[in-house]
1. Check Ala89, Ala99, Ala105 and return the single one that is in contact with a helix residue (DSSP H, G or I) (Cβ under 6 Å, 6 or more places away or on another chain), among the hydrophobic types (A, V, I, L, M, F, W, C) and within 20 Å of Thr180 (Cβ to Cβ).
2. Every residue in the stretch 274-294 that is touching a helix residue (DSSP H, G or I) at 6+ places or on another chain (Cβ under 7 Å) and more than 18 Å from Thr242 (Cα to Cα), please.
3. How many of the residues making up the stretch 230-260 are touching a His at 6+ places or on another chain (Cβ under 7 Å) and in a helix (DSSP H, G or I)?
4. Test Gly236 against the criterion of being surrounded by fewer than 24 Cβ atoms within 10 Å (Cβ to Cβ), touching a helix residue (DSSP H, G or I) at 6+ places or on another chain (Cβ under 7 Å) and at pLDDT 95 or above, and give yes or no.
5. Please determine, by comparing only the residues of the stretch 189-223 that are touching a Gly at 6+ places or on another chain (Cβ under 8 Å) and within 14 Å of the ligand (Cβ to nearest atom), which one is farthest from Arg250 (Cα to Cα).
6. Has the stretch 242-261 got at least one residue that is away from the ligand (no atom under 16 Å from the Cβ), under 19 Å from Leu49 (Cβ atoms), assigned by TED's automatic domain parsing to the domain that holds Arg24 and hydrophobic (A, V, I, L, M, F, W, C)?
7. Any idea which of (1) surrounded by fewer than 24 Cβ atoms within 10 Å (Cβ to Cβ); (2) within 15 Å of the ligand (Cβ to nearest atom) is the one Thr229 doesn't satisfy?
8. If only one of Asp389, Asp380 is in a helix (DSSP H, G or I) and loosely packed, with under 14 Cβ neighbours inside 10 Å, which one is it?
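The values are calculated or read from the model by the stated rules, or taken from the named source; none is laboratory data. In this text, all values refer to a predicted model and were calculated from it rather than measured experimentally. In this analysis, Cβ positions are derived from the backbone assuming ideal geometry, glycine residues included, and neighbour counts consider all displayed protein chains.
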Amino acid sequence: MSINHPSFGMLDDRRIIIFDTTLRDGEQSPGFSMNLSEKIRMAEALTELGVDVLEAGFAIASPGDFESVKAIAESVGQRADTPVIASLARAGQMDVLRAAEALKAAKRRRIHIVIATSDLHMKVKLRLTPDEVIQQTVDSITLARQHADDVEWSAEDATRSDPDFLCRVVEAAIRAGATTINLPDTVGYALPADMERMYSNIVNRVPGVEKIILSTHNHNDLGMGVANTLAAIQAGARQVETTINGIGERAGNASLEEIVMAIRTRQDAIPRSNNIKTTHLLRLSKLLATITGFDVQPNKAIVGRNAFAHEAGIHQDGVLKDAATYEIMTPESVGWKTNSLVLGKHSGRAAFRDKLNTLGYTIGDNQLNDAFRRFKELADRKKVVFDDDIVALVDDEVML
Ligand SMILES: [Zn+2]
């Protein structure tokens, strides 16, 4: 069924809202803090990438956080193509008013309220009864709606919350005026089957849920962030909360580039759409790595150095004949110029000959055999064989 949302208007069933929290959840991880001008650069690049909602920070957390949310609202928030700019707030008056103040200049704004709903968090952390949590939820959403038409409410630790209580508090949040309800796997505990159960429970039991957007926000403590996000989509979530390179608290969040490319590559299983310009993905990943000083690991999906690199001989031979043999998406579709055939000890004759051709050498079969044998000897000694090594090796061969 389609839905009418204050920030997005009529949304059809297929449309997925991409909520990026690189600048809030991502920035909260140790060593990943960014200064004001770095945050604005990231916010501009995220806007050009096509995110729908950009969580700029947690306004009350510090004067610096307030200033950066405000600065993003006053810069990116004025553009014709601005995403919805969001600030996080706990479920209290001071927090909500501070978020509203920081966001004031944004043409499109969202106040994002969070309160914990699991027994453990309510008892130990908040020292509130379940009824008090419902009351604070209602009061803070009511206040937020006086400052923004677009209000998100998050049930922190939702995946470890009692399912019946979760239904009660979500129903109260919707009645109070929340337009997006987020059910985070805050501690990265859930398995995909748990996500399906949790969302189905809400979808089937909570009155009014058909009028709001259900959202998902998953941490990677068990490496399950992306899998859980996709499971949530299948069970009714239509907003996904993500970060570039999967940065975030502890083991990080579900990565934007992996979710977007999973949806794009597996349209047969996940027939959903979004506004992300996938050819910008690598650029965003590299910009974030440059700003934070943390590279992604070489085997990182989509944006890692090896994501489209082939060294094994059988694979290189296949890719040279037809890239689809070993590539489920093209490197160009996510911003790489091309795939790379890395020459190493696992490489075969076909890739070696291809490399010689691109370096401008055409040599006879006998010479090729000799050069290939010498290349294998060299590759046993060196992890990666560079173009210069090949040139030296062939020039030797030609001289002999
Ligand atoms: Zn989080």
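1. Ala89
2. Ile291
3. So the count comes out to 0.
4. Considered against the rule, which asks whether it is surrounded by fewer than 24 Cβ atoms within 10 Å (Cβ to Cβ), touching a helix residue (DSSP H, G or I) at 6+ places or on another chain (Cβ under 7 Å) and at pLDDT 95 or above, Gly236 comes out as yes.
5. Selected residue: Asn218.
6. Taking every residue of the stretch 242-261 in turn, at least one turns out to be away from the ligand (no atom under 16 Å from the Cβ), under 19 Å from Leu49 (Cβ atoms), assigned by TED's automatic domain parsing to the domain that holds Arg24 and hydrophobic (A, V, I, L, M, F, W, C).
7. Thr229 satisfies every listed condition except (1).
8. On the way: Asp389 fails: loosely packed, with under 14 Cβ neighbours inside 10 Å.
From the options Asp389, Asp380, the qualifying one is Asp380.
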